[in-house]
Amino acid sequence: MENQDEQQQLNIELSEEVADGTYANLAIITHSPSEFVVDFINVMPGLPKARVKSRIILTPQHAKRLMKALADNVKKYESAHGTIQDQEPVSLPMNFGGPTAQA
């Protein structure tokens, strides 16, 4: 019974390839009633085409948890490093079908 009361630990493995990360300077978010799809893209200046580098599919509940975690981390970052300046909105036509994209 005592073991059930203890908080279980999750052992997370991070491969070298994943640890290197993938740079993205644009995120496209679409959703359906059952999932959120976040596409991470690297847009290069002057090139009319960009490729999705990574796609993450989340349940609505996990999408909300991610939103809260990002908001909390941005708040902590700004407390330590100052306000993050917003940039101009992206004006690229983003039409790969599906609901209107957001970045």
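The values are calculated or read from the model by the stated rules, or taken from the named source; none is laboratory data. Given the structure is predicted, the values throughout are model-derived calculations rather than measurements. A quick note on method: Cβ atoms are made from the backbone with ideal geometry, for glycine too, and the neighbour counts reach across all protein chains shown. These accessible areas exclude ligands, DNA and RNA; they are computed on the full protein's heavy atoms, side chains included. Shrake-Rupley method; radii C 1.70, N 1.55, O 1.52, S 1.80 Å.
Okay, here's what the table says:
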item	result
Amide proton proximity set for Val43, modelled H, under 5 Å, gap of 5+	Asn25, Leu26
Pair-distance profile P(r), taking every C-alpha pair of segment 1-60, with 5 angstrom steps and integer %	4, 14, 14, 15, 15, 14, 10, 6, 4, 2, 1, 1, 0
Sulfur and carbon atoms: percent of accessible area, segment 1-69 [1.4 Å]	52 percent
Ranking by accessible area, most exposed first, for Tyr23, Tyr77 with a 1.4 Å probe	Tyr23, Tyr77
Segment Arg51-Gln87, length gained on full extension (0.36 nm per residue, minus Cα span)	10.8 nm
Gln9-Tyr77 pseudo-label distance in nm [points 7 Å out on the Cα-to-Cβ vector]	2.9 nm
Accessible area in the full protein assembly, largest first, 1.4 Å probe, for Thr30, Thr22, Thr59	Thr22, Thr59, Thr30
Cα-based reach from Lys64 at 28 Å (exclusive), listing lysines while leaving out same-chain residues under 8 positions away	Lys53, Lys75, Lys76
Segment 1-64: relative contact order in percent, alpha carbon pairs under 8 Å with at least 6 residues between	24 percent
